[in-house]
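Take a look at the structure below.
The values are calculated or read from the model by the stated rules, or taken from the named source; none is laboratory data. From a predicted model like this one, the values you see are computed outputs, not experimental measurements. When we count neighbours, we look across all protein chains shown, and the Cβ atoms used for this are built from the backbone with ideal geometry, even at glycine. Accessible surface is based on the protein model in full, side chains and every heavy atom, while ligands, DNA and RNA are left aside. Shrake-Rupley method; radii C 1.70, N 1.55, O 1.52, S 1.80 Å.
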Amino acid sequence: MENGDSRRSTDRNLQRNSSGSKYGPVVAQDRAVLEMASLDTAPSTPSKKMKVNVARSLSARMRDGSVSNHAYGHGSRRESKLELFGFDSLVNILGLKNMTSEQGQGPLSPKDGNDVSINLGQPQTNDLKLGIMMGVFVPCLQNILGIIYYIRFTWIVGMGGISESVMLVSFCGLCTFLTAISLSAIATNGAMKGGGPYYLIGRALGPEVGVSIGLCFFLGTAVAGAMYVLGAVETFLGAMPSAGIFSETITKVNGTTVDPIIAPSIHDLQIYGILVTIVLCFIVFGGVKMINRVAPAFLIPVLLSIFCIFVGVFSARKDYPKPGITGLSFRTFGENWSADYQNTNNAGIPEPDGDVSWSYSALVGLFFPAVTGIMAGSNRSAMLKDTQRSIPIGTLAATLATTGLYLISVLCFGALATREKLLTDRYLTATIAWPSPAIIYIGIILSTLGAALQSLTGAPRLLAAIANDDILPVLNYFKVADGCEPYIATLFTALICICCVLIGNLDLITPAITMFFLLCYGGVNLSCFLLDLLDAPSWRPRWKFHHWSLSLLGAFLCMVIMLLISLPCTIVSLALASLIYYYVCLKGKAGDWGDGFKSAYFQLALRSLRSLGADQVHPKNWYPIPLIFCRPWGKLPENVPCHPKLADFANCMKKKGRGMSIFVSILDGEYHDRAEDAKIATKQLGTYIEYKRCEGVAEIVVAPSMSAGFQGIVQTMGLGNLKPNIVVMRYPEIWRRENLTEIPATFVGIINDCIVANKAVVIIKGLDEWPNEYQRQYGTIDLYWIVRDGGLMLLLSQLLLTKESFESCKIQVVCIAEEDDDAEGLKADVKKFLYDLRMQAEVIVISMKSWEAQNDGGAQDESLEAFTAVQRRITTYLTEMKEEAKREGRGNQLMADGKPVFINEHQVEKFLYTTLKLNSTILTYSRMAAVVLVSLPPPPAQHPGYLYMEYMDLLVENVPRLLMVRGYRRDVVTLFT
C-alpha cells in the first residue's frame, strides 16, 4: 500500500509539473531577459518543519497500560475519522493543546524555516519562577530608589523649593505611571520573550522602530550603569575624604565663610569609577545566576536606610547635630516653599559666578532618572511565574510607592533644614540619619552597586536580544546561543560605561540618560496608543484599565519632558534614533512581526477605499492602475516570471513613482492540481517586482485556458475604485514565427473583453527595445491621434516626459484630416486644446483621402511589400475557409475559431489599405521617433481573429517601438482647475 501511495503521489507530481502553458518558448534575445534569468527567484524560505517527539509520551503511556494493541490496530481508521473533521492526524490535536506552553520556546528571529518542536510528554518547568514581589516589585523598587534620592534629592528641594519640587515629582511620576499602564496593557497581550521594552516596541511598531528605540534604550541603560558607579564612588569619597587623591576643599559659599567642605575631585571620580567598573564587569562575567541571588539582598540596606532617614527627620532638633537643621518647622517650611534658582560650580555649590545655571527644566533632567526603572520587571519576563499578572501589579505598585515616598520626602526635607543647608550638604540624608550616617553611606553604596550590576547585566542581554533577532547584520558579533552568557556584549557595555565614567560629572550624565529613557517610554506609550486605537482582533490584553487617550498623554508628556530638559539634547537624541531607523531600513533584514503599523495601513486602506466610493473618479484625481499581463504569449526562461521590460514600462506610467501596478500571470490547468505551483509563482513574481523596484502586487490565476483566466481577472481584480483601469500587454510578435495559430483568437478575445469591461488597453510592440531608467532617449514622442480616447494617449505621453529616459524628448501630435480643407481648422483646434491642457506639443495635420482616389503614389516600398504579403496570405486563408465550408456542406457559411463569421472582402481590402496608409505615414514622419503612440483600432465585428492580426501586423511593420492605445468611455484629463 505504501509503495502504491508513493507511486500515485509521484504520478500526481509529474502531472502537475508537466502542466503548463500551451505556447512555445520566447527567444530571449534581450539582454535584460538574460540578466533576469540569472536572478534567483525561488521561494526565499521553505515552509516550517514540525518535529513531533512522541516516543517519550507513548512509552510512558504503555508502561501505565493506557495504550493497548487494539488502539494500534485501528490507528488508520481513527486517523481517517479525524481527517473528516478537518484534522490531518492526532498529533495536530495534541499540538494545539501544547501550543501555549511551547510558544515561549520559539525562535527569537521572526523568520520562516525554523524547526518547531512539539513535545507531547510532561511540560518542562523552570526551576526558578518568581512572583509579583521578588520578580517585579523588588527589582523595580531597587532600580527606582537610587543615588538621586540619597545625594541629590535634598539639593533639588533646596533649589526648586517645596512647591516646584512637588510639581516636579508629580509631573515625572505621572509620566512613568502612564507608561506603566501602557506597559501593563502590552505585556498582558501575549507571551513575552527576552529584550524587555525592545521586544514590546518592536512587535508593536515594527522592527525598524524597535531596533532604533531598543539601541537607544541600551545606551541609556549602559550610561545609567556609569551614573550608579559615579554615585557609589562619590558617596564613598564623601564618607571617607582621606581616600581622595585630588580632593578639593571649599571654605566660601556665595562669599560667606563656611565650615570646610571637601568636594571629590573629578580625577578621583574617574580613577575610582574605572576600577569599580572593572570589578563589576568581572562579577557579571561570573554569571547571572549569582547576581539574581545577591540582588534582592541589596534592597534590605536600602529599606533600612530609608527607615533611618525618616527616624532622623522626626527626631532632629534645631542646630543638632549640625547648624542649619531646624527640625520639622512650619517656619522653615514657609521659607523653603518658593524656588530659589542660583548659579553653581560643577560640584553643585552655589556661587555667584558659577558656570552652571539652573532652572525648572534643568531640575527635570536631573531628577527624572530617579523615577526610571519601571522596566526592570518586564526585563525578567522569562523568570516570572505569571507575566500577565505580575508585571502590571508589580510595576504599578512600585511606581505608586516610590512616587508617594518622593512626595512625602519633599515635604519633610523642605521643613527640616534651611535652604543653605539643603544646597551645600549633599549628604544631608546621611547627616540626619539615625543613629549614624554610616548606615546611609552603606545603603547608598550597596544600592548603587546593586543597580550598576543590574545595568551591566541587563544592557548586554538587551543588545544580545536585538542581535539575535537578526534584523541588523552589523550586530551579529553580539549574538549568543540560548543559555550562554553575552560576553562580547558585556565587554562592549563596560567600554561604554567606562567612557561615561571618564566624564566624571554625575549632573552631566543624567540628562543623557533621561533622553534615552524618555525615548523608550515614549515608544511604549505610542505602541499602546496605536494598538488600542486600531483595536485589531488580536488586541486582547488582560489588563483592562487602559485607554488610548492615556497612552497618547503619556507619549506627549515624554516629549514635553525632553523639550523641557534640553532642546539640543532632544534634537540629538531624535536624530540618533532617526539615523538608526534609516540605517535599519537601508541595511536591515525584513522581519514580519505583525506590528501595529501593518494594521494601521490596513485600516487606512479601508477608510480610503470607502471614501473613494463606487462613483467614477474625477479626471483631476485619475491615476493609471495598470494591469500588467506578464506572459500571455510564449514562455520566458524557467525562473523569469515576467519580461524585465514590463516593469520598466509600468514605472513609466507613474508620475514620481505614485501609483499601483498589478502584475498578473495565468497558469493553465485545474486549480486543485496547480494551487502549489501558483503559490510558488506568486513568490517568484513578487521577487521580480521588488528587484525591479516597482510598486505593485503579484497575482497568479489558475484557469483552464488563457481566455477564461483573463475573463475572470478583468471582472474581479481589484476593489471598488482601486480596480485596474488599463490592461498592458506586449504585442504577440511571435505568433507567425512560431506558427501559433491559437494566438489570434485569444488576442482578439482579450481586446473585446477589455472593451466590454470598460478597460483601457495599451499594447507594446518592440518591448525588448524599451529603454530602462538609465538609457536616455532623444527625438520625439509621436502621437497619431485618430480616435477620441478621453485624453489617455496625451496623458501617457506626459507621463513619459517625467522619466529621465524620455525627459529630453518632445511631443508631436499627428492628426489625420479627411479633406485638405479641414487641415488648418483641425490644427488650430488641436493647438487650442493642448494649450488648455497645459501640454506643449507640435501639431502636424495630414490629409488622407479615401482609398479609391489613391494609388500607390505615397506608400513606402517596404510598406507595399508587406501589404502584398498580407494580401496573399489573406487570399489563401479565405480560399481555404471557403473550401472547408464546401467540404462540410455548409454552403457559404464560413467558420473561424469555432464561430460563424461573415466576411465582406471589399471591407477587408478597405481595412488593409487604410492600415497601409497609416503604416506608411508613420514610417514617413516618425522614422526617428523615440516612441510612437497610435490609436488601437477595435476588432471588426464578425471577422476572424486571424484577419485582425494581419491588420495589426501591417500596422506595426518596420516600426521599432510602438504603443497601441485604446481609451475607454470616460475622460482622464480635464481643462479646468
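Inside segment 683-736, residues that are among the basic types (Lys, Arg) and either modelled with pLDDT of 85 or more or outside the structural domain of Glu950 (by the TED database) (or both) make up a count of 2.
Tally the residues that are surrounded by 14 or more Cβ atoms within 10 Å (Cβ to Cβ) and part of a loop (DSSP other than H, G, I, E, B), restricting the search to segment 897-919. Before you say what the answer is, go through the steps one by one.
So the first thing to find is which residues in segment 897-919 are surrounded by 14 or more Cβ atoms within 10 Å (Cβ to Cβ), and the list is 897, 901, 903, 908, 910-919.
Next, only the ones that are part of a loop (DSSP other than H, G, I, E, B) stay: 897, 903.
So the answer is 2.
If you go through segment 958-966 one residue at a time, do you hit one that is assigned to a strand (DSSP E or B) and open to solvent by 30 Å² or more (accessible area, probe 1.4 Å)? The answer is yes; a qualifying residue exists.
A residue that is among the charged types (D, E, K, R) and over 27 Å from Arg737 (Cβ atoms) occurs somewhere in segment 906-920. Only residues that are under 21 Å from Val814 (Cα atoms) and not charged (D, E, K, R) were counted across segment 901-926, and they come to 15.
Just one of the numbered conditions (1) within 30 Å of Leu799 (Cα to Cα); (2) of a type in the set (S, T, N, Q); (3) at pLDDT 80 or above is not true of Ser847: (3). Being more than 25 Å from the chain's Cα centre (by Cα) and in a helix (DSSP H, G or I) is a property that Cys500 has.
The residue that is most open to solvent (accessible area, probe 1.4 Å), among those in segment 382-398 that are among the charged types (D, E, K, R) and not in a helix (DSSP H, G or I), is Lys385. For segment 769-782, give me each residue that is crowded, with 19+ Cβ neighbours inside 10 Å and either acidic (Asp, Glu) or under 26 Å from Pro632 (Cα atoms) (or both). Of everything in segment 769-782, those that are crowded, with 19+ Cβ neighbours inside 10 Å and either acidic (Asp, Glu) or under 26 Å from Pro632 (Cα atoms) (or both) turn out to be Trp770, Pro771, Asp782. What about Tyr946, is it under 58 Å from the mean Cα position of the chain (by Cα), open to solvent by 70 Å² or more (accessible area, probe 1.4 Å) and of a type outside the set (S, T, N, Q)? So Tyr946 fails the test.
Of everything in segment 144-173, what is hydroxyl-bearing (Ser, Thr, Tyr) and surrounded by 22 or more Cβ atoms within 10 Å (Cβ to Cβ)? Give them in sequence order. Spell out the reasoning first.
From segment 144-173, those hydroxyl-bearing (Ser, Thr, Tyr) are 149-150, 154, 163, 165, 170; that's our starting set.
Correct list: Tyr149, Tyr150, Thr154, Ser165.
Taking segment 747-780, which residues are β-branched (Val, Ile, Thr) and in contact with a helix residue (DSSP H, G or I) (Cβ under 9 Å, 6 or more places away or on another chain)? Please lay out each step first, then the result.
Taking segment 747-780 and keeping what is β-branched (Val, Ile, Thr), we get 748, 750-751, 755-756, 761-764, 780.
Within segment 747-780, Val748, Ile750, Ile751, Val756, Val761, Val762, Ile763, Ile764 qualify.
Among the residues of segment 786-798, those that are touching a strand residue (DSSP E or B) at 6+ places or on another chain (Cβ under 6 Å) and surrounded by fewer than 22 Cβ atoms within 10 Å (Cβ to Cβ) comprise Ile786, Val787.
Going residue by residue through segment 575-583, is there one that turns out to be at pLDDT below 80, open to solvent by less than 70 Å² (accessible area, probe 1.4 Å) and either among the aromatic types (Phe, Trp, Tyr) or more than 30 Å from Val284 (Cβ to Cβ) (or both)? Working first, answer last.
Step one: of segment 575-583, the residues at pLDDT below 80 are none.
No - not one qualifying residue is present in segment 575-583.
When segment 345-359 is filtered for residues that are open to solvent by less than 50 Å² (accessible area, probe 1.4 Å) and either in a helix (DSSP H, G or I) or touching a residue at least 60 places away in the same chain (Cβ under 8 Å) (or both), the ones remaining, listed by number, are Ala347, Gly348, Ile349, Pro350, Val356, Trp358.
The residues listed here are Gly523, Gly450; of these, the one that is open to solvent by less than 10 Å² (accessible area, probe 1.4 Å) and over 34 Å from the mean Cα position of the chain (by Cα) is Gly450.
Starting from residues that are over 21 Å from Thr372 (Cα atoms) and not in a helix (DSSP H, G or I), keep the ones in segment 193-208 and report whichever is most open to solvent (accessible area, probe 1.4 Å). The qualifying residue most open to solvent (accessible area, probe 1.4 Å) is Lys193. If you go through segment 837-848 and pick out every residue that is under 43 Å from the mean Cα position of the chain (by Cα) and of a type in the set (D, E, K, R), you end up with 1. Can Ala376 be described as in contact (Cβ under 8 Å) with a residue 60 or more places away in the chain, within 37 Å of the chain's Cα centre (by Cα) and in a helix (DSSP H, G or I)? It is false that Ala376 is in contact (Cβ under 8 Å) with a residue 60 or more places away in the chain, within 37 Å of the chain's Cα centre (by Cα) and in a helix (DSSP H, G or I). Here Ala401 fulfils each of the conditions (1) of a type in the set (A, V, I, L, M, F, W, C); (2) outside any loop (DSSP other than H, G, I, E, B); (3) modelled with pLDDT under 85; (4) over 28 Å from Pro241 (Cβ atoms) apart from (3).
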